[in-house]
Amino acid sequence: MSDQLPSQKTWGGRFRGAASDLMTKINASIGFDKRLWREDIEASKAHAAMLRDQGIVGAEDAEAILKGLDTIAGEFERDGVPERVELEDIHMTVEHRLTELIGPAAGRLHTARSRNDQVATDFRMWVRTSCDEAAANIRELQRALVDVADRHADTVMPGFTHLQVAQPVTLGHHLLAYYEMLRRDVSRFVDARRRMNDSPLGAAALAGTGFSLDRDTTAKALGFDRPTANSLDSVSDRDFALDYLSAAAQCSLHLSRLAEELIIWASPQFGFVRLSDSFSTGSSIMPQKRNPDAAELVRGHSGRIIGCLTSLMVTMKGLPLAYSKDMQDDKEPVFDAADLLTISIQALGGMIETCEFVPERMRAAAEQGFSTATDLADWLVREAGVPFREAHHVTGAAVKAAEDRGCGLNELPLNALKAIDARIDQRVFDVLSVDASVRSRTSYGGTAPNVFGSRSRKRRPT
């Protein structure tokens with residue numbers, strides 16, 4: 001490529017003095033918006049073809065423009081995008097290279113188009129693709145969760161509230177709780193994509209244009225459902241980026257919660273899971289350490305993604321219509337969040353696929369903390385006709401008796417239980433084991449293994 005630059009900025013006709021080096025530096029966005037080069041070239045080709053078909057640009061010049069854009073795409077694919085701050089952004093970088101290739105005809109490409117609708121279109125296309133990629137990555141993580149959940153459909157573990165042992169559940173049931181969270185995340189990205197699928201191209205700077213554009217044709221060519229309906233909103237709207245960031249932030253919260261559980265479960269105090277060497281690190285000073293760094297980084301990335309959402313919301317909150325240069329700062333938080341979300345989902349999927357759960361430790365923990373106390377109360381209601389509040393009181397007394405003896409509820413002698421309430425009989429021991437407790441939870445959405453299999457098969461993402 002030639003090192004020669006235009007004698008003045010594309011917008012410099014009314015300026016006499018040159019911009020300071022600092023102005024050039026602060027004004028440039030090529031360092032990050034170069035990621036939009038594919039979208040910029042695709043949208044430019046659609047615009048050029050429409051200008052030709054509408055008779056706004058001659059066929060010969062339009063064909064030269066289209067061929068030149070294809071050449072630039074090949075160069076960028078092969079060599080990367082050159083970062084020349086004098087050219088400011090990806091749009092001027094493409095236009096400058098096109099001028100080098102085909103001469104003055106390149107100047108016709110910007111007919112009936114502003115960088116305002118150009119960047120709104122390019123960025124919207126990039127975010128739209130990112131929504132598709134996020135949904136696809138999440139579905140892969142869901143598949144990993146379902147595969148492991150199927151293998152542990154009857155693996156008993158403690159269910160927690162307040163991080164205290166509450167009731168026995170199965171590991172499969174626990175993992176599929178995250179499947180449900182991720183299912184909602186997919187729906188958020190799908191909904192965001194649907195809302196953003198209107199094309200701003202043709203809105204020009206802010207007021208539309210006097211040229212006889214065919215915005216429906218360019219919208220269709222770029223995969224949009226329709227053109228945007230208001231030119232002012234078209235160039236000033238960044239709701240699509242906020243929608244993406246909002247969905248990403250919510251998803252990252254779910255990823256962080258699962259990562260946190262893996263971190264806790266991998267600790268020697270719990271010992272529920274052994275993370276693979278592939279997703280663990282060691283210590284530079286303590287040779288015995290196995291650190292769950294991948295999970296910790298997923299947890300940390302969540303904070304950064306939430307920060308990206310907050311950053312763009314604060315940027316947009318006070319902007320008048322239509323375009324303001326503040327909006328140049330819209331892309332970096334989205335790019336950063338997309339990168340962090342992608343690697344977080346993939347790393348967490350890798351951890352789930354390669355970790356080894358320890359059922360015996362889980363069962364032992366589930367048998368502690370009187371986790372079947374609710375089953376005793378339910379038995380009193382069901383078999384002895386005791387009102388639940390009274391049954392709750394009786395069960396509390398039984399827990400206290402077991403605690404004093406240093407044993408589990410299922411280890412209390414029958415005479416000790418009958419001393420608390422004479423309505424208790426031998427049948428109660430059928431419900432006081434953790435296996436019996438888990439088997440009894442047959443309500444829709446419950447943890448019982450005998451209804452788990454059909455539910456997990458229905459959950460396999462497509």
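The values are calculated or read from the model by the stated rules, or taken from the named source; none is laboratory data. These numbers were taken from a predicted model, which means no experiment stands behind them. No Cβ is skipped: glycine too gets one built from the backbone with ideal geometry, and neighbour counts run over all protein chains shown. In case anyone asks, the SASA skips ligands and DNA or RNA and just uses the protein heavy atoms, side chains included. Shrake-Rupley method; radii C 1.70, N 1.55, O 1.52, S 1.80 Å.
Points to keep in mind about this one:
- The stretch 55-133 - charge dipole about Cα centre, Lys and Arg +1 at Cβ, Asp and Glu -1, debye rounded to 20: 240
- Taking only the alpha carbons of the stretch 290-406, we obtain Rg and Dmax values of 26.2, 74 Å in that order.
- Distance between the 7 Å Cα→Cβ label points at GLU180 and ASP132: 3.2 nm.
- Estimated inter-spin distance, THR354 and ASP435, nm [label 7 Å along Cα→Cβ]: 3.5
- Given charges at beta-carbon only (K, R positive; D, E negative), |dipole| of the chain in Debye: 840
- With the convex hull constructed from alpha-carbon coordinates only, the stretch 409-448 shows a mean projected area of 3.2 nm² over all directions.
- Viscosity 0.692 mPa s, 37 °C: Kirkwood-radius Stokes-Einstein D of the stretch 264-305 over Cα pairs, µm²/s: 292
- Carbon plus sulfur fraction of accessible area for the chain, probe 1.4 Å, in percent: 50
- Within the chain, the whole DSSP H helices whose Cα atoms reach 27 Å or more along their own axis and whose mean Kyte-Doolittle score is at least 0.5 are 239-266, 293-316, 331-354.
- log₁₀ of I(q)/I(0) at q = 0.13, 0.20, 0.21, 0.28 Å⁻¹ - the stretch 350-424, Debye sum with one point per alpha carbon: -0.46, -0.82, -0.88, -1.31
- Dipole in debye (nearest 20) - the stretch 339-462, about Cα centre, beta carbon charges: Lys, Arg +1; Asp, Glu -1: 520
- Its alpha carbons give the stretch 144-205 an Rg and a Dmax of 19.8, 62 Å.
- Nearest-10 value in Å² for the accessible area of MET125, using the 1.4 Å probe: 10
- Whole-percent P(r), the stretch 55-140, all Cα pairs, 5 Å bins from 0: 3, 12, 17, 20, 21, 12, 8, 4, 2, 1.
- Calculated mean residue ellipticity, 222 nm, the chain: -19500 deg cm²/dmol, from DSSP H runs (n ≥ 4) at -39500 (n - 2.57) each, averaged per residue and rounded to 500.
- For the set ARG363, ARG184, ARG151, the ranking by accessible area, highest first and with no ligand, DNA or RNA atoms included, is ARG151, ARG184, ARG363 under a 1.4 Å probe.
- Accessible area per residue for the stretch 113-247, computed on protein heavy atoms with a 1.4 Å probe, is 38 Å².
- Under 10 Å, Cβ to Cβ, from ALA338 - net charge with Lys/Arg +1 and Asp/Glu -1: -2
- Accessible-area ranking of ILE30, ILE102, largest first, probe 1.4 Å: ILE102, ILE30
- Cleavage-rule hits (trypsin sites (Lys or Arg not before Pro)) in the stretch 370-436: DSSP loop, at most 16 neighbouring Cβ within 10 angstrom: ARG423
- Accessible heavy-atom area order of SER252, SER311, SER324, highest first, probe of 1.4 Å: SER311, SER324, SER252
- In this structure, the residue pairs whose Cα-Cα separation is over 19 Å, taken from LYS25/LYS325; LYS34/LYS220; LYS45/LYS220; LYS25/LYS45; LYS220/LYS331, are LYS34/LYS220; LYS25/LYS45; LYS220/LYS331.
- Linear extension gain, THR24 paired with HIS393, 0.36 nm per residue minus alpha-carbon span: 125.3 nm
- Rounded to the nearest 10 Å², the accessible area of HIS152 at probe 1.4 Å: 30
- Partner lysines whose Cα lies under 20 Å from the Cα of LYS400, excluding those fewer than 8 positions away in the same chain, are identified as LYS418.
- Segment GLU60-GLU260, length gained on full extension (0.36 nm per residue, minus Cα span): 65.9 nm
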